[in-house]
1. Open to solvent by less than 10 Å² (accessible area, probe 1.4 Å) and touching a residue at least 12 places away in the same chain (Cβ under 8 Å): is that true of ALA151 in this structure?
2. For residues that are buried (at least 23 other Cβ atoms within 10 Å of the Cβ) and not hydrophobic (A, V, I, L, M, F, W, C), scanning just the range 87-109, find the one that is nearest to LEU234 (Cα to Cα).
3. Looking only at the range 202-231, count every residue that is on the phi < 0 side of the Ramachandran plot, open to solvent by 10 Å² or more (accessible area, probe 1.4 Å) and either part of a strand (DSSP E or B) or of a type in the set (Lys, Arg) (or both) and tell me the total.
4. Can you tell me which residues in the range 51-78 are in contact with a Ser or Thr (Cβ under 8 Å, 6 or more places away or on another chain) and farther than 13 Å from ILE225 by Cα?
5. Looking only at the range 96-142, which residues are in contact (Cβ under 8 Å) with a residue 24 or more places away in the chain, polar (S, T, N, Q) and assigned to a loop (DSSP other than H, G, I, E, B)?
6. If I filter the range 48-71 down to residues being acidic (Asp, Glu) and open to solvent by 70 Å² or more (accessible area, probe 1.4 Å), which single residue comes out as farthest from ALA189 (Cα to Cα)?
7. Go through the residues of the range 253-261 one by one and say whether even a single one is out of contact with any Cys (no Cβ under 8 Å at 6 or more places or on another chain), assigned to a loop (DSSP other than H, G, I, E, B) and among the acidic types (Asp, Glu).
8. Out of (1) hydrophobic (A, V, I, L, M, F, W, C); (2) at pLDDT below 90; (3) under 28 Å from GLY222 (Cβ atoms), what's the single condition that is false for LEU80?
Amino acid sequence: MPANDAIQTFITGIGAISPIGCEIPQILENILQKRDGIRRATKIDTSPFLSKLCAEFDFDYSQELSEAEMSEFRDPYLRLAISASRRALRDAGLKKSAGKNIAIVAATCNAGTNSQQIEYRNLFGDHSEPFTAQSSLESELYAATKALARALGLGGEIYLINTACSGSTAALGFAQTLIESGEYEAVLAGGADALSLVNFAGFSAIKVVSEEKTAPFSTPTGLNIGEGAAFWVLENSLAAKARGAKVYGKIAAHSTSSDAFHPTQPDPRGDGVFRTLQAALDYAQIPLEKIACINAHASGTLANDKAEAKGVLKFLNGKKIPITSSKSYNGHCMGATGILEATVQLVSMLNGFLPPTL
């Protein structure tokens with residue numbers, strides 16, 4: 001349980017850039033109309049691969065970044081993280097003066113692979129874009145946290161989480177710990193990842209990319225690579241009430257676990273999934289009957305979906321609870337996927353419906 005059980009973690013700001021929209025009303029409308037963002041790729045060359053599909057967003061970075069910042073932060077995933085973060089802070093209505101008391105917990109899976117690719121192209125004879133000191137810095141894993149701290153002017157501690165596809169979900173959990181332990185009154189938490197050829201090639205090499213639109217828990221099996229970013233402002237409930245902040249909801253509990261089975265495949269028994277769900281439910285002290293929906297990872301791959309289904313069914317223990325997957329809308333957005341899917345679930349919940357699996 002949290003160190004101070006009088007404190008809860010409220011969600012007071014949301015910023016999202018996704019394949020189905022970059023504003024909450026647009027995202028909501030596309031969910032209601034069952035419109036996905038999976039199309040033939042335009043940002044990377046998929047001609048060498050069987051699948052040509054990606055889930056891309058359409059966003060003008062100049063809406064959130066100045067010309068000087070566009071020059072300073074060139075890697076698209078840095079621009080994504082800054083843009084979504086600024087929208088979340090603005091949505092929360094936090095004043096600039098509060099910045100020194102706000103921590104950052106950011107997540108990524110690919111990090112600066114678009115910058116890294118420049119180096120490899122040069123090594124193999126393609127000198128169309130020079131690999132510079134800036135490219136080198138932006139290819140580093142910690143580039144996002146440095147960029148966020150500089151661009152946002154926040155003075156709290158900065159953390160980077162790189163637990164692959166679960167990164168931004170883990171970021172929300174760690175942010176809850178920071179708030180309910182009394183370390184911070186507000187935390188900016190989320191994740192960002194941009195499409196890159198390296199990422200697309202990697203998933204294609206292990207034969208988990210679908211040539212058709214992904215169909216989680218169904219056929220055809222396989223995932224669609226996506227991109228996007230989302231950040232939430234999370235606040236101490238007492239502080240949020242004191243300043244009259246609007247509240248989208250709260251994080252009741254979180255849990256993480258590791259099944260220690262394989263670098264790219266889950267334990268086929270689903271035990272890691274079961275332990276995580278059960279530990280989160282125990283932490284929240286909420287009866288299973290109160291859970292109205294589960295938003296699954298549901299990548300669409302055979303190994304994940306079978307293992308996850310087993311773990312969830314063991315957790316449900318015969319109870320009938322709807323399970324849905326937002327990847328049928330946004331594809332698999334890597335390190336941003338957890339919080340993007342939590343955002344889809346949250347805005348659907350607030351509007352009284354369950355987001356379907358397309």
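1. Details: open to solvent by less than 10 Å² (accessible area, probe 1.4 Å): no; touching a residue at least 12 places away in the same chain (Cβ under 8 Å): yes.
The answer is no for ALA151.
2. ARG87
3. Of the residues in the range 202-231, 2 are on the phi < 0 side of the Ramachandran plot, open to solvent by 10 Å² or more (accessible area, probe 1.4 Å) and either part of a strand (DSSP E or B) or of a type in the set (Lys, Arg) (or both).
4. Within the range 51-78, the subset in contact with a Ser or Thr (Cβ under 8 Å, 6 or more places away or on another chain) is 51-54, 56-57, 59, 61, 63-65, 70, 74-75, 77.
Result: PHE59, TYR61, GLN63, GLU64, LEU65, MET70, ARG74, ASP75, TYR77.
5. Across the range 96-142, the qualifying residues are THR108, ASN110, SER139.
6. Narrowing the range 48-71 to residues acidic (Asp, Glu): 56, 58, 60, 64, 67, 69.
So of that shortlist, the ones also open to solvent by 70 Å² or more (accessible area, probe 1.4 Å) come out as 58, 60, 67.
Values: ASP58: 23, ASP60: 22, GLU67: 26 Å.
Ranking the candidates gives GLU67 first.
7. Kept after step one, since they are out of contact with any Cys (no Cβ under 8 Å at 6 or more places or on another chain), are these residues of the range 253-261: 253-261.
Imposing the further condition that a residue be assigned to a loop (DSSP other than H, G, I, E, B) reduces the set to 253-261.
Narrowing further to those that are among the acidic types (Asp, Glu): 259.
Checked against the condition, which is being out of contact with any Cys (no Cβ under 8 Å at 6 or more places or on another chain), assigned to a loop (DSSP other than H, G, I, E, B) and among the acidic types (Asp, Glu), the range 253-261 yields at least one hit.
8. With respect to (1) hydrophobic (A, V, I, L, M, F, W, C); (2) at pLDDT below 90; (3) under 28 Å from GLY222 (Cβ atoms), LEU80 is out only on (2).
The values are calculated or read from the model by the stated rules, or taken from the named source; none is laboratory data. Note that the structure is predicted; figures quoted are calculated from it, not measured. Ideal geometry is used to build each Cβ from the backbone, glycine not excepted, and the neighbour counts take in all protein chains shown. The protein model used for the area step is the full one, side chains on, heavy atoms only, and it has no ligands, DNA or RNA in it. Shrake-Rupley method; radii C 1.70, N 1.55, O 1.52, S 1.80 Å.
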